[in-house]
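Asks: Next up is a structure, given as structure tokens.
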Amino acid sequence: MFCKKPVFSLNGISFDVKHNEIFGIIGKNGSGKTTMARILLKLIKPDCGTIFFNNHNLLELKGEKLRGFRKKIQGISQNHETALNPRMKIKESLKEVFLATGRKAFNEITDNKLEAMLNEVGLGKEHLNRFPAQLSGGQLQRINIARAIALRPELIIADEPTSNLDVSVQAQIIHLMLKIKKKTGMSFIFICHDRALISLICDRVAIFDEGRIIEIKSIRNTKKRSIDNAL
Ligand SMILES: Nc1ncnc2c1ncn2[C@@H]1O[C@H](COP(=O)(O)OP(=O)(O)OP(=O)(O)O)[C@@H](O)[C@H]1O
Ligand SMILES: [Mg+2]
């Protein structure tokens, strides 16, 4: 018999992310992690609830205020291959981010600025004129990170940013994210399946299960402090 009972992907979720914190999210497949990330990025709308960001309820923002908010929260997804337009050169994909700051500012972006964006993520000007198909997975994810941090957001939501990469490249990308956090003071929501990695880099972790948070734990870890010092 056909059942019309609604199914909730998320229900009763409540957590806060502090300034300059890495807040981990872990949970089984289908537990609602990506749905939550998409709600925070305002890509989908929840049926109800509130999301406060710097004392503003994101779900009520419209127009100019909403555009301002979009610059402050950015996402990095696991799909590094589909995140970029395959027909655009890397320089065009990087420059595109600045459309959010207005046409005048966009027109003033120089190749030097784009090169500096690449340098910040460990790439160089030789990558500016390439197309996405001419870069490796790790390089593509670096470009996605460069785009995410370009407008200096206050919060980055990274949804399994390394899960489609080789183990050695995963470590490089994590290292890059930690360096960026240290340099800029951005906060991160880091969604990941790897408990060991969560324990290594996160300050706190929320455990998702069937659309709910079943526990939020602080992580106190001496290894983490030594990584911070080594960056
Ligand atoms: N657009 C949608 N319409 C209906 N159901 C959806 C939609 N997107 C996700 N879901 C459902 O919501 C639930 C949570 O999915 P979600 O992708 O958020 O899980 P996840 O924790 O990110 O899983 P994974 O670890 O596999 O990435 C799943 O049952 C999924 O099928
Ligand atoms: Mg997911």
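The values are calculated or read from the model by the stated rules, or taken from the named source; none is laboratory data. Predicted model only: the values in this text are computed from it and were never measured. With ideal geometry, Cβ positions are generated from the backbone for all residues, glycine too; neighbour counts draw on all protein chains shown. Accessible surface is based on the protein model in full, side chains and every heavy atom, while ligands, DNA and RNA are left aside. Shrake-Rupley method; radii C 1.70, N 1.55, O 1.52, S 1.80 Å.
Asks: What order, most packed first, do the peptides 71-77, 103-109 have when packing is the mean number of other Cβ atoms within 10 Å of each residue?
Replies: Descending packing order for the listed peptides: 71-77, 103-109.
Asks: Take the Cα atoms of the stretch 134-199, find their three principal axes, and give me the spread along each one in whole Å, biggest first.
Replies: 34, 28, 17
Asks: Which distance in nm do the two modelled labels at L43 and A133 give, with both placed 7 Å along the Cα-to-Cβ direction?
Replies: 2.4 nm
Asks: Which lysines, if any, have their Cα less than 22 Å from the Cα of K28, not counting same-chain residues under 8 positions apart?
Replies: K217
Asks: Considering only protein heavy atoms and a 1.4 Å probe, what is the carbon-and-sulfur percentage of the accessible area of the stretch 82-231?
Replies: 48 percent
Asks: Also: Give the Cα extents of the chain along the principal axes, in whole Å, largest first.
Replies: Principal extents (largest minus smallest coordinate, Cα): 55, 45, 41 Å.
Asks: Tell me the per residue accessible area of the chain using a 1.4 Å probe; a whole number in Å² is fine.
Replies: Solvent-accessible surface per residue comes out at 57 Å².
Asks: While we're here: How large is log10 of I(q)/I(0) for the stretch 34-114 at q = 0.10, 0.13, 0.16, 0.27 Å⁻¹ when the intensity is taken from the Debye formula with one equal scatterer per alpha-carbon?
Replies: Debye intensities relative to I(0), on a log10 scale: -0.33, -0.55, -0.79, -1.29.
Asks: Quick one: which of K45/K113; K65/K95; K18/K95; K95/K125; K72/K181 span more than 25 angstrom between C-alpha atoms?
Replies: With Cα atoms farther than 25 Å apart: K45/K113; K18/K95.
Asks: In the stretch 171-186, whose amide N lies under 16 Å from the spot 7 Å out along Cα-to-Cβ of S199? List them in ranges.
Replies: In the stretch 171-186, the label zone of S199 (backbone N under 16 Å from the point 7 Å along Cα→Cβ) covers no residue.
Asks: Wrap a convex hull around the Cα atoms of the stretch 110-229, take a quarter of its surface area, and give that in square nanometres.
Replies: Here the figure is 8.7 nm², rounded to one decimal.
Asks: Would you work out what percent of the accessible area of the stretch 4-71, with all protein chains in place, is carbon or sulfur (probe 1.4 Å)?
Replies: C and S fraction of accessible area: 52 percent.
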